[in-house]
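The values are calculated or read from the model by the stated rules, or taken from the named source; none is laboratory data. If you're wondering where the values come from, they're calculated on a predicted model, not measured in any experiment. Because the Cβ atoms are built from the backbone with ideal geometry, glycine has one as well, and the counts that use them run over all protein chains shown.
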Amino acid sequence: MITSNFRARLAGVFALTLAVPATPLFAASTAQTTPVDWVDPHIGTAGIGSEYGGTMPLVTTPFGMTNWTPLTRQNRVSVSPYNDADTHIQGFIGTHQPAIWMGDYGYVTLMPELDGLKYAPEARQLKFSHKDEVATPYGYAVTMDSDGRRIRAEMTATDHCGYLRFTFPAKSNAGVLVEATRPGIHGYVEVDVRRHEIRGYNPDRQDADLGPLKLPNFKGYFVVRFRQPFKAQSVYQGVLVRPGNHTQVEGDNVGAYVSFDTAAGQPIEAQVGTSFISLAQAQANLGAELPGWDFDGTRAALKATWNRKLGIFDIDGATTAQRHIFYTGLYHALLYPRLASEHGRYYSAFDDQVHQGVSYTDYSIWDTFRAENSLLTLVAPERIDDMVTALLQDADEGGWMPKWPNPSYTNIMIGTHADSLVAEAIAKGFKGFDWQRAYAAVRKDATVPPDGDTTRRWFDREPHTPYEARAGLTYALKLGYIPADKVAESASSTLEEAYDDYAVAQVAKATGHEQDYAHFLERSLDYRKLFNPARGFMQARNADGSWASPDEGWTEGDQWVYLFAALHDIGGTVALLGGPAAAQTKLDAHFDGGHNHHDNEPSHHYGYLYDFMGAPWKTQARVRAIAADAYSDTPTGILGNEDCGQMSAWYVFTALGFYPVNPASAEYMIGSPLFSRVAVHLPGGRTFTITAKNNSATNVYIQSATLNGKPLDVPVISHAQIVAGGTLDFVMGPRPSRWAAGWRPRPVAAD
């Protein structure tokens, strides 16, 4: 378990005695007394290849634009910059990589060095041990070994800036490398001796080939401001070092190196402003967010910020491991989507221009529309209007709302699930964005095929294609489904886009487009055209109506994973299967046959489906088992990729006792709460409290429930009921009960 290891790391680092002035790495106590103390950013950082959490010990603000992490390997698409198994650090990177399967863009790396410039990662890397490392959301610290001499590095951050502090052995030949670009990436760097600054830009977008836009103006700008004057400086390009009076260089693989007088043994401090607008804006971000030199104060402020946000939840009755998992999961969920605007302006990766306003990026929407976005409506409601507006701005500037901006269109995954984010925000009463403008955007998703729609197969991650939107929509408008002999991933797309049509229908209704509402609601039932009653499964069809192979047409799943993909009409799918008893038998076979893959998002709602079949006690047992099996407080504690908070959002919701199977409905299906009590602190001083009397690892079954003192006999609770404040009380027991077994959902019916 990581509990003992985590505490050992803290104790070991605090006990360090270095050959440098003995200032504490963190002034805070090692005692776990506030919410952020329970966060362990190492959870999800261990694994081989790319099929693991892919998380990083990120130091950042909630939704911060630039995240800071130690760099233990050269990151790229499918490689995160930090892995728990690594033993050397190559630098400290200001990264924008949101997930292991996505790329970084506009990043910058710093590395403390002894005895002169070493620019290559394998030459500059220094050995470290986890026992000499502390990782928290508000600060990171590590002691590295350089041929028996130790260098201490510390980091904290603001929205757009990093603050680093390096402590070298006294009277050493100490320096700091600033890497602007890597081999093959053309960038720029300059040294300003008078201002103690290094400035430059990095235009790398590692996912650039996956989208249609070239973005010639894109650059990640940085200004590194040092507290101490330079003893010497140089710039480099590749293997060529230009010392002395050479203070700037443009080209591939460029950077700068500055050295310092460490006779007094004082730490070297560096503040890094980042921007996607300009060097001047990076400088302005520094001035606005780090106006003085106060590392400890900046770190304390960030700790307070995280405690305010994580403190939305108070939990009782959790084990130590569960506390680590819960609060670390909430930390992961509060990282994305990423802030893309800079004090009232933003660079758009959709028209390559700078605009006024607030913006966000790195929406992993195919993953996060299922639960992560729903969680944000509870824990970060102040952000939702701007997050939706950002998607609408993207549509104005690029033509469509994106499906996976990184930071521009990438054509990764299927569907137009931004429709769900819009519908959910409207259903939950968010009014700070233009609903009519939003309807125009979702209606376009549902009615306008992408360029060259019938001339492409639209394979996943196919490079150099137009924006994919709803691939194969041309066929769907004629046939009611996407044919497998024309378009890749056709069955999954047909089923998921039926839910998108439901979301569009809800937006149409909310904005007064009644005829469109009826039309799209009817279209949302087209998923039924893929049901093969002879086999009892969904199945892809060809353009002539014939059945394709049962193995054809799926996205990261199969016929088992996609049987209940119509999230808006689980009741309708139950009816197709022959009713609740037959559907239960099918769902039992799904789980018992090993078909449930919680490491991927299409399976995330499956544990909650028994609620729709008259067997909520089976949901209660299943979700408890999944929570125990798929999560732990260890570096391997996330089953599958974290995917920008979605894996963690599932756990947080399940711990509370409910989950958004159909996000656009603004309702949650009830499972089995993990803790004896959770208080959710809401805006306006309201509190929603969930209690579970007699709760334990064996008492997983709900015996009875009341909402605000009145009997609750359905396995459903609405968002409106939660945010109004009140109390949801459960009585738990060791055996199944008939609580809520009489509830039946109504299948969606076209008006």
- request: Please enumerate the residues belonging to the range 593-633 that are in a helix (DSSP H, G or I), more than 17 Å from the chain's Cα centre (by Cα) and among the charged types (D, E, K, R).
  value: Asp611, Lys618, Arg622, Arg624, Asp629
- request: Scan Ser676, Ser648, Ser603 and give me the residue that is under 24 Å from Gly317 (Cα atoms) and out of contact with any helix residue (DSSP H, G or I) (no Cβ under 7 Å at 6 or more places or on another chain).
  value: Ser676
field: Boolean, His590 is assigned by TED's automatic domain parsing to the domain that holds Arg370 and either part of a helix (DSSP H, G or I) or touching a residue at least 60 places away in the same chain (Cβ under 8 Å) (or both)
entry: yes
Residue check, Pro673 within 27 Å of Gly579 (Cα to Cα) and either in a strand (DSSP E or B) or not polar (S, T, N, Q) (or both): no
task: Tell me which residues, restricted to the range 77-101, are part of a loop (DSSP other than H, G, I, E, B) and aliphatic (A, V, I, L, M).
output: Val77, Ala85, Ala99, Ile100
query: Scanning for something surrounded by fewer than 24 Cβ atoms within 10 Å (Cβ to Cβ), among the basic types (Lys, Arg) and in the same structural domain as Trp554 (by TED's automatic domain parsing), does the range 391-403 turn up at least one residue?
result: no
task: Give the number of residues within the range 34-92 that are farther than 16 Å from Ser129 by Cα, surrounded by fewer than 24 Cβ atoms within 10 Å (Cβ to Cβ) and of a type in the set (D, E, K, R).
output: 3
- line: Within the range 51-76, of all residues that are of a type in the set (A, V, I, L, M, F, W, C) and touching a residue at least 60 places away in the same chain (Cβ under 8 Å), the one farthest from Thr634 (Cα to Cα) is Met65
- prompt: Looking only at the range 276-316, which residues are in contact (Cβ under 8 Å) with a residue 24 or more places away in the chain, farther than 30 Å from Leu674 by Cα and charged (D, E, K, R)?
  reply: Glu289, Asp296, Arg299
message: Looking only at the range 467-504, filter to residues that are within 25 Å of the chain's Cα centre (by Cα) and not in a helix (DSSP H, G or I); which one of those is farthest from Ala208 (Cα to Cα)?
response: Glu489
message: Given the options Trp293, Trp306, name the one that is among the aromatic types (Phe, Trp, Tyr), outside the structural domain of Ser632 (by TED's automatic domain parsing) and in contact with a Pro (Cβ under 6 Å, 6 or more places away or on another chain).
response: Trp306
message: I need a count of the residues in the range 331-371 that are free of Cβ contacts under 8 Å to residues at least 60 places away in the same chain, within 23 Å of Ala469 (Cα to Cα) and in contact with a helix residue (DSSP H, G or I) (Cβ under 6 Å, 6 or more places away or on another chain).
response: 4
Which numbered condition Trp435 misses (of (1) touching a His at 6+ places or on another chain (Cβ under 9 Å); (2) surrounded by fewer than 20 Cβ atoms within 10 Å (Cβ to Cβ)): (1)
field: Count of the range 627-680 residues which are of a type in the set (Gly, Ala, Ser), crowded, with 24+ Cβ neighbours inside 10 Å and free of Cβ contacts under 8 Å to residues at least 60 places away in the same chain
entry: 0
statement: For the range 77-103, the count of residues that are touching a residue at least 60 places away in the same chain (Cβ under 8 Å), within 20 Å of Pro337 (Cβ to Cβ) and of a type in the set (Gly, Ala, Ser) equals 3
query: Has the range 120-141 got at least one residue that is farther than 15 Å from Thr274 by Cβ, of a type in the set (Val, Ile, Thr) and not in a strand (DSSP E or B)?
result: yes
message: Given the criterion in contact (Cβ under 8 Å) with a residue 60 or more places away in the chain, β-branched (Val, Ile, Thr), in the same structural domain as Ile384 (by TED's automatic domain parsing) and under 24 Å from Ala628 (Cβ atoms), identify the matching residue among Thr319, Thr328.
response: Thr328
message: Just to verify a result, which residue in the range 634-670, among those that are closer than 24 Å to Trp739 by Cα and assigned to a loop (DSSP other than H, G, I, E, B), is nearest to the chain's Cα centre (by Cα)?
response: Pro660
- request: Could you list, in sequence order, all residues of the range 35-47 that are out of contact with any Ser or Thr (no Cβ under 6 Å at 6 or more places or on another chain) and either within 24 Å of Arg150 (Cβ to Cβ) or modelled with pLDDT under 95 (or both)?
  value: Pro41, His42
- prompt: Looking at the range 162-275, what strands (runs of 3 or more DSSP E) fall wholly within it and have at least 2 residues that are in contact with a strand residue (DSSP E or B) (Cβ under 8 Å, 6 or more places away or on another chain) and in contact (Cβ under 8 Å) with a residue 24 or more places away in the chain?
  reply: 174-179, 186-192, 197-202, 220-226, 232-237, 248-252, 254-260, 268-275
message: Taking the criterion of being within 18 Å of the chain's Cα centre (by Cα) and either surrounded by fewer than 18 Cβ atoms within 10 Å (Cβ to Cβ) or not hydrophobic (A, V, I, L, M, F, W, C) (or both), would at least one residue in the range 546-564 satisfy it?
response: no
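Yes or no, residue by residue, for (1) closer than 21 Å to Ile570 by Cα; (2) among the β-branched types (Val, Ile, Thr); (3) in the same structural domain as Leu330 (by TED's automatic domain parsing):
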| position | (1), (2), (3) |
| --- | --- |
| Asp643 | no, no, yes |
| Tyr659 | yes, no, yes |
| Ser676 | no, no, yes |
| Ala749 | yes, no, no |
- prompt: In the range 689-710, is there at least one residue being surrounded by 14 or more Cβ atoms within 10 Å (Cβ to Cβ) and within 30 Å of Ala518 (Cβ to Cβ)?
  reply: no
task: Being surrounded by 12 or more Cβ atoms within 10 Å (Cβ to Cβ) and under 28 Å from Asn694 (Cα atoms) is the filter here, so list the residues in the range 739-751 that pass it.
output: Trp739, Ala740, Ala741, Trp743, Arg744
